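The values are calculated or read from the model by the stated rules, or taken from the named source; none is laboratory data. Keep in mind that what you see is a predicted model, and the values were worked out from it rather than measured. Quick reminder, even Gly has a Cβ in these numbers, built from the backbone with ideal geometry, and neighbours come from all protein chains shown. Remember, those area values only see protein heavy atoms, side chains included, never the ligands or the DNA or RNA. Shrake-Rupley method; radii C 1.70, N 1.55, O 1.52, S 1.80 Å.
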Amino acid sequence: MIKRNYKLIVGIIIGAILTGTTVYAATIISSINVGYNNASSKLVATNVQDAIDEVYEKASESKAPQPKNENIKAMYYYDENKESEDFCVTGDEKTCKVNTCYLNNTEGSCSPGTIVEYMVNEKEKIRFHVVHDDGEKLTLQSQKNIEYNIPWNLNEDSNTNINNVLNILENKTSTWTNVNKFNYSIGRENSTLGYSGCFYSNCNINIYELDKKEVNVRMITVQEATILGCKFSDGTNIPTCPIWLYNYLQRSMTYEGTVNDYQAYLGYYTMLVSSNQEVAVHIRANGVMYAETNEVNINKYAVRAVVEINK
C-alpha cells in the first residue's frame, strides 16, 4: 500500500519543505521502504532521500534574492583549496556555495574566479569565471575552450594572425545575444587593453594595433592574467595561475587542475604577442604563461571567450 502511494508521500514531504516547515523528512522516510523513479520528476536524484535533499536545495535557492539580469542563473563562490569545506572550482562540486554578489554594484564585490552560469542566448547556458568586477558590469572568461586547434601562422604578420583568431572566436559566439556589445583598443599606451606585446615580464611593447567596435567577445590579456596571479614560465613547471585559468586543458590535472579536456592541446591564446618571435602569448595547462615558441607553427592552441555582462 505504501509503495503504491509513494508519490503522495513524497508530495506531502516536498510540500512541507516548500512551505517552510521545520520537520525534516528523513525521519519520516527512514523507516519506510519507499520506491522512487525520477523519470517524471526532472530531478537528478535516484532515491527518495536524495530527491528530498535536492528539492530542499532548489527551494532554498529559489528564496535567494534574484539578480536584476535575469540571464544570470547562478553564481558560486570560488575556492580552490581542496581541504576547504567550501571547495568549488568548476561549479559541479557538492561543496559549492551560492554567491549573491550580483546584488552589489560596488566595484570588486564579485571576486575574481567567481563562477557564473549565464544564458548567452535563449537556449544556451555557459559557465564563466569573473575576470574583474567593474561595479555594474562584470568581465567574464568562459570556463572552457570555445574553439580548438587554431593555428598561428608565422608567415603572416601579427595583425593578420590576431584578426584570424578573433574572427574565429567572434563567429563561434555570434549567437551570444545576451552579452553586452563593447568597444576596445590595443597596442598603444592609452588603449583600453594597453600594449599588445610582451618580452616575458615586460608587456609595455607595441607589436600590433587594433580597434574593435560593437563586438561581444575578445580574449584575455596578459596584463589581466598577471593581475590574477599568472607569471611567465621559469622552467620549473610550478603553477602560478589560479586553477580556473588553466583548467579544462589536456594535462590540467597533472598540475593541480581538476578536469582534463583531451580534445584541447596544452594551452589557449591571449591577446598579446611575443616580441622576440611574434607568436601569441598563451596560458598553458601547467598553470603558467609562455611568451615563446616555434612550436605554435606545429601545435595549434585553443581560444576562450571574454565577455561583458550587466549585474
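Heavy-atom accessible area with a 1.4 Å probe sorts SER111, SER201, largest first, into SER201, SER111.
Estimated at 0.36 nm per residue, the fully extended path between THR46 and ASN260 surpasses their Cα-Cα distance by 74.3 nm. A Förster distance of 22 Å, applied to the separation of the beta-carbon atoms of ASN171 and LYS125, puts the FRET efficiency at 0.60.
If you take all other residues with their beta carbon under 13 Å from the beta carbon of ASN159, and give Lys and Arg +1 and Asp and Glu -1, the sum is -4. First measure r as the distance between the Cβ atoms of VAL215 and GLU117, then evaluate 1/(1 + (r/R0)^6) with R0 = 22 Å and state the FRET efficiency to the nearest 0.05. With R0 = 22 Å, the Cβ-Cβ based efficiency is 0.45.
GLU308 exposes around 40 Å² of accessible area when a 1.4 Å probe is run over every protein chain in place.
So what is the orientation-averaged projected area of segment 166-273, using the convex hull of its C-alpha atoms, in nm²? Intermediate values should be presented prior to the final figure.
Details: hull surface 31.1 nm².
So the mean shadow area of the Cα hull is 7.8 nm².
Quick check on my link table: of LYS123/LYS231; LYS144/LYS300; LYS212/LYS300; LYS231/LYS311; LYS82/LYS231; LYS94/LYS231, which ones sit more than 28 Å apart, alpha carbon to alpha carbon? Show your work: numbers first, answer last.
Numbers: LYS123/LYS231 37 Å; LYS144/LYS300 16 Å; LYS212/LYS300 25 Å; LYS231/LYS311 30 Å; LYS82/LYS231 22 Å; LYS94/LYS231 31 Å.
Cα-Cα > 28 Å for LYS123/LYS231; LYS231/LYS311; LYS94/LYS231; rest within.
List residues of segment 258-290, by number, whose backbone nitrogen lies under 17 Å from a label position 7 Å along Cα→C-beta of ASP234. Zone members listed by number: 286-290. Take the Cα of ASN204, step 7 Å toward its Cβ, do the same at ASN149, and the gap between the two points is 4.2 nm. Approximating the spin labels as points 7 Å out from Cα along Cα→Cβ, the SER191-to-ASN105 distance works out to 3.2 nm. Can you bin segment 57-136 into rounded, prolate or oblate? Criterion: square roots of the alpha carbon gyration tensor eigenvalues sorted a ≥ b ≥ c, rounded for a/c under 1.5, prolate for a/b above b/c, oblate for the rest. Rounded is the answer for segment 57-136, as its axis ratio a/c remains below 1.5. The alpha carbon gyration tensor of segment 217-311 gives principal lengths a ≥ b ≥ c with a/c below 1.5, which makes the shape rounded.
Would you mind working out the magnitude of the charge dipole of segment 181-300 relative to its Cα centre, with +1 at each Lys and Arg C-beta and -1 at each Asp and Glu C-beta, to the nearest 20 Debye? Before the final figure, lay out each step's value.
On the way: 9 positive and 11 negative charges, 49 e Å.
That gives a dipole near 240 debye.
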